[in-house]
Amino acid sequence: MLIAKKELILPAKLETAARLMFSNPDYIAFGNSVSIARRCQVSTSTLSRLAPRLGFRSFKEMQNCFRKDILDRKGSGNGLTKQRLDCQSLKLRFTSP
């Protein structure tokens, strides 16, 4: 799946979780759904609802994308940085600052 441009308006809890996930991709890539939900201050079902809103079939598929991005950057010598994840050309623009 390739998304050239996509703007999302997410409900508050989904947006909060998405912001935290994209600012901490290493935690999302290697954490379990319970610890990730706790860190994002949402339920695991909220994470499951977020994944399809971002274009993934499941939470696991989304997590694998985060994992692949981090491992690819580590392999290229960039290390585990907190760069904005650009997974499968997914672009997000949040409605609030």
*Is one or more of the residues making up region 12-30 part of a loop (DSSP other than H, G, I, E, B), at pLDDT 90 or above and not aliphatic (A, V, I, L, M)?*
no
*If you take the residues in region 21-45 that are closer than 20 Å to ASP69 by Cα and aliphatic (A, V, I, L, M), which one is surrounded by the most Cβ atoms within 10 Å (Cβ to Cβ)?*
ILE28
*Number of positions in region 54-86 that are at pLDDT below 80 and not in a helix (DSSP H, G or I)*: 11
*Identify the residue in region 46-60 that is farther than 16 Å from GLU15 by Cβ and charged (D, E, K, R) and, among all such residues, is surrounded by the most Cβ atoms within 10 Å (Cβ to Cβ).*
LYS60
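The values are calculated or read from the model by the stated rules, or taken from the named source; none is laboratory data. Please read these numbers as outputs of a predicted model, since none were measured by experiment. Here Cβ is always computed from backbone atoms with ideal geometry, including for glycine, and neighbour counts include all displayed protein chains.
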